[in-house]
Amino acid sequence: MYVFHKAIELRFLEGTALEVLFQTGEVKRYDMHMLFPKYPQLKALEDRSLFLSGKLMGPYGIIWNDELDVETETVYEDGETVRTQSVPLHPASAAAVSKARAAAGVSQKELAALTGIDQSDLSKIERGTANPSVGTMERIAAALGGQLTISIS
């Protein structure tokens with residue numbers, strides 16, 4: 001099974017370089033000129049106004065117009081990792097944790113004791129400022145008498 005890396009933010013740099021933040025927290029830098037020999041039509045991106053008009057089309061592609069696009073997987077695979085940063089939990093997921101804990105009648109302190117997760121970390125998860133692993137989310141769900149469900153919509 002092949003895993004695609006989801007892009008969540010795009011930033012344009014000098015020339016034809018860009019940075020993409022992936023859901024993993026990795027920020028990859030990639031210069032589009034690397035693709036010019038293989039895809040000569042991409043040379044049009046040397047036009048700065050055209051280059052700056054690009055946007056993420058969902059988590060898997062960057063598009064400029066009907067003829068110019070690139071898969072974000074190319075950026076992930078061939079780009080240079082320039083930094084790693086935390087990626088906040090999706091607001092709906094953060095709210096779901098808070099709602100489930102309240103429905104179970106459990107305080108953050110009690111949930112911390114049940115899960116072994118520090119209360120301050122639980123607070124960050126509920127505020128959406130943390131990036132918990134799937135394992136952490138499973139521990140929280142189990143401690144609240146539920147199970148973690150991930151859906152793709």
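Each reported figure results from applying straightforward, stated rules to the coordinates on display, with no laboratory input. Being a predicted model, the structure only gives us computed values, none of them experimental. Note that each Cβ is placed from the backbone with ideal geometry, even for glycine, and that neighbours are counted across all protein chains shown.
At a glance:
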{"quantity": "Fluctuation leader among VAL27, VAL134, VAL87 - the chain, Gaussian network, Cα springs under 10 angstrom", "calculated": "VAL134"}
{"quantity": "Net length gained if the chain between HIS90 and LEU50 were fully extended (0.36 nm per residue, minus Cα distance)", "calculated": "11.3 nm"}
{"quantity": "Length gained when the stretch PHE4-GLN41 is fully extended (0.36 nm per residue, less Cα-Cα span)", "calculated": "10.8 nm"}
{"quantity": "Burial order of peptide ranges 90-98, 17-25 (average beta-carbon count within 10 Å, highest first)", "calculated": "17-25, 90-98"}
{"quantity": "Cα gyration tensor, the stretch 91-143 - rounded (a/c under 1.5), prolate or oblate", "calculated": "rounded"}
{"quantity": "Listed peptides 67-77, 50-60 by packing density, highest first (mean Cβ within 10 Å)", "calculated": "67-77, 50-60"}
{"quantity": "Over the chain: helical MRE at 222 nm, DSSP H runs n ≥ 4 each giving -39500 (n - 2.57), nearest 500", "calculated": "-9500 deg cm²/dmol"}
{"quantity": "Cα gyration tensor shape for the chain, rounded if a/c is under 1.5, else prolate or oblate", "calculated": "prolate"}
{"quantity": "Within straight-line cross-link reach of LYS99, lysines at Cα separation under 16 Å, skipping those fewer than 8 residues along the same chain", "calculated": "LYS109, LYS124"}
{"quantity": "Magnitude of the charge dipole, the stretch 1-150, Cβ model with Lys/Arg +1 and Asp/Glu -1, debye to 20", "calculated": "660 debye"}
{"quantity": "Potential lengthening between GLU14 and ARG83 on full extension [0.36 nm per residue; Cα-Cα distance subtracted]", "calculated": "23.1 nm"}
